[in-house]
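*Asks:* Before I ask anything, here is the structure I am working with.
Read-outs throughout are calculated quantities, based only on the coordinates presented, and are distinct from any laboratory measurement. No experiment lies behind these values; they were computed from the predicted model shown. So basically every Cβ, Gly included, is an ideal-geometry build from the backbone, and we count neighbours across all protein chains shown.
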Amino acid sequence: MTPDEFRRYGHELIDWIAEYLENAERYPVLSPVKPGEVRSRLAASPPQNGEPFGALLRDVNEVILPGITHWQSPNFFAFFPSNNSYPAILGDLLSSGLGVQGMLWSTSPACTEVETLVMDWLVEMLGLPERFRSSSPGGGVIQDSASTATLVALIAARERATRGRSSRAGASGERLAVYTSSQAHSSVEKGVRIAGIGSDNLRLVDVDESFAMRPEELARLIRADREAGISPAMVCATVGTTSSGAIDPLGATGAICREEGIWLHVDAAMAGTAAVCPEFRWIQDGLEYADSYVFNPHKWMGVQFDCSAFFVADRSALTSALSIVPEYLRNAASESGEVIDYRDWQLQLGRRFRALKLWSLIRSEGVSGLQEMVRRHVALAREFASWVEADPEFEIAAPHPLSLVCFRHKGGDDVNRAIMDRVNVGGKAYFTHTVLDDRVTLRMSIGQRRTELSHVRAAWEAIRTAAMG
Ligand code: PLP
């Protein structure tokens, strides 16, 4: 591709993206294709000679688009949102254009320094504890996902619990345990497996009637492990569980961790963005106890995947677990101790200039733009919940402090599954389910950037129609 062709197709592609995003609600939200259908319609072997980019765009329109589930549709109410935004897309494009690999400060100082700056901005915007600022012993770093951030936290916690023996001597002989609520995300168990702690050593703490972790149960499990000679390594609390949006009590959980000397990691993957509004900052009460914290700007905030904001209170706990300095990476800046080398804060060596998309979003929307979006979604969720409450055939299944409403038809599991399938196949909206109190429960997750009252109203109508069979 020549520079002129790049300019031409680049403009065309930007127009295509704007057109797509402005009209995403035209498409059935959940892709209707059958397994293998997309691949079967594309060339089976690579072309011997290069093709014009226009040929690829044709395939995008004819084959790829039908195979897309439209996460950017305002009628997307499934899982949690995975929003993009124009400024973040441009930031990503700039990152691709610069093609920087910022593993060390010296391999592109701006890549590191913008990331440090923007992570400090998040501390300020969300009212996070000062110990997560780069000017403290702690700091923030962008990880690819909350799952990775939780794994990194586990590795640092394991290092601390074994006083460094786990990384020096492999299996330290010490049996470690990790605690999280029965409602926590599956990434905690995955991390426990990868970190070599083992699923058998993951304790699932009971929850209360609002699906939040019971601190007294946590304390009991820790006591039982200590008596059995097992060392508690980490507690993972959740702010906004995936199933129901439950918020674990960070204050009481943190006090136990402090007293017991256990690493507290807090996973606020979806809900964390809400703290941009002062009236929702109560969800972080007790966060000052946390050793590490993660939330996903790639969910609600509007920075397209991947962008997880991970903070630690003591960066040396990370670097002592993850830093290995081979000769070929030695350089004067790193040895001066004056710079951050983010490679020591993550699993992989290489890293993209991901901070650009977050920086671009925040500069373009301002704090007030993000607050407006969060408030709108929470208000829409409250309105939706009021319709559910007013309908004698439906009931609310869990508290809904933010933008996720869990509800169900009173007719039982089969009726709820049928409602979900009918709405999703119809293509006008897409939502997913969970199980709460052993009953199939529908999740209305409101958080797509373009979702307005009319979309929520249409989804509710589709649900009620589906309930009629
Ligand atoms: N934690 C919670 C509470 C989540 O809801 C999710 C995803 O929905 C995750 C972790 C995993 O996020 P990621 O895809 O960034 O690993």
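*Asks:* At 7 Å along the Cα-to-beta-carbon direction for both residue 18 and residue 395, put a label point, then send me their distance in nm to one decimal.
*Replies:* 5.1 nm
*Asks:* Please state the shape class of the range 278-365: rounded when a/c is under 1.5, otherwise prolate if a/b exceeds b/c and oblate if not, all from the C-alpha gyration tensor.
*Replies:* oblate
*Asks:* Go ahead and estimate [θ] at 222 nm for the chain from helices alone: -39,500 (n - 2.57) per DSSP H run with n ≥ 4, summed, over the residue count, rounded to 500.
*Replies:* That comes out to -13000 deg cm²/dmol.
*Asks:* Hey, another quick one. In the range 358-427, what GluC sites (Glu not before Pro) fall in a loop by DSSP, with at most 13 other Cβ atoms inside 10 Å?
*Replies:* Those that pass, being in a loop and sparsely packed, are 393.
*Asks:* Once label points are set 7 Å from the Cα along Cα→Cβ at both residue 316 and residue 62, what is their separation, rounded to one decimal in nm?
*Replies:* Roughly 6.3 nm, to one decimal.
*Asks:* Now for a separate question. Which of the listed residues, 150, 166, 211, is farthest toward the dipole's positive end in the range 73-214, when Lys, Arg count +1 and Asp, Glu count -1 at the beta-carbon?
*Replies:* 166
*Asks:* Calculate, in whole percent, how much of the Cα-Cα pair population of the chain lies beyond 43 Å.
*Replies:* Percent of Cα pairs beyond 43 Å in the chain: 19.
*Asks:* Could you tell me the calculated FRET efficiency between residue 328 and residue 110, based on Cβ-Cβ distance and R0 = 30 angstrom, to the nearest 0.05?
*Replies:* So, using R0 = 30 Å, E works out to roughly 0.85.
*Asks:* Find, among the trypsin sites (Lys or Arg not before Pro) in the range 1-108, those assigned to loop by DSSP (not H, G, I, E, B) with at most 14 other beta-carbon atoms within 10 angstrom.
*Replies:* When the trypsin sites (Lys or Arg not before Pro) of the range 1-108 are filtered for loop state and at most 14 Cβ neighbours within 10 Å, 41 remain.
*Asks:* Label 7 Å along Cα→Cβ of residue 94; the range 349-377 residues with amide nitrogen under 14 Å?
*Replies:* Backbone N within reach: 353-366.
*Asks:* About its Cα centre, how strong a charge dipole does the chain have in debye, to the nearest 20, once Lys and Arg get +1 and Asp and Glu get -1 at the Cβ?
*Replies:* Rounded to the nearest 20 debye, it is 560 debye.
*Asks:* Same structure, new question: Place a +1 charge on the Cβ of each Lys and Arg in the range 215-326 and a -1 charge on the Cβ of each Asp and Glu, then give the dipole magnitude about the Cα centre in debye, rounded to the nearest 20.
*Replies:* 200 debye
*Asks:* Right, here's the next one. Could you state the number of Å between the C-alpha centres of the range 82-126 and the range 404-431?
*Replies:* Using only Cα atoms, the two centres lie 39 Å from each other.
*Asks:* While we're looking at this one, here's another question. Check residue 27: other-chain or 5+ apart residues with amide H under 5 Å from its amide H, H built from backbone geometry?
*Replies:* Close amide H contacts, sequence-distant or interchain: none at all.
*Asks:* Taking the range 374-451, which trypsin sites (Lys or Arg not before Pro) meet the DSSP loop condition and have no more than 14 other C-beta atoms within 10 Å?
*Replies:* Sparse-neighbourhood loop trypsin sites (Lys or Arg not before Pro): 410.
*Asks:* What does the net charge come to around residue 14 if you take all other residues with beta carbon closer than 13 Å to its beta carbon, with K and R at +1 and D and E at -1?
*Replies:* -3
*Asks:* Now a separate question. Calculate, for residue 39 and residue 228, the FRET efficiency according to 1/(1 + (r/R0)^6) with r their C-beta to C-beta distance and R0 45 Å; round to the nearest 0.05.
*Replies:* 0.30
*Asks:* Length gain on complete extension for the stretch residue 55 to residue 372, per 0.36 nm per residue less the alpha carbon to alpha carbon distance?
*Replies:* So the chain would gain 110.1 nm between residue 55 and residue 372.
*Asks:* Points 7 angstrom from Cα along the Cβ direction at residue 422 and residue 199: gap in nanometres?
*Replies:* Placing both labels 7 Å beyond Cα along the Cβ direction yields 3.7 nm.
*Asks:* If you put +1 on each Lys and Arg Cβ and -1 on each Asp and Glu Cβ, how big is the dipole of the range 38-164 around its Cα centre, in Debye rounded to 20?
*Replies:* Using only the charged Cβ atoms, the result is roughly 440 debye.
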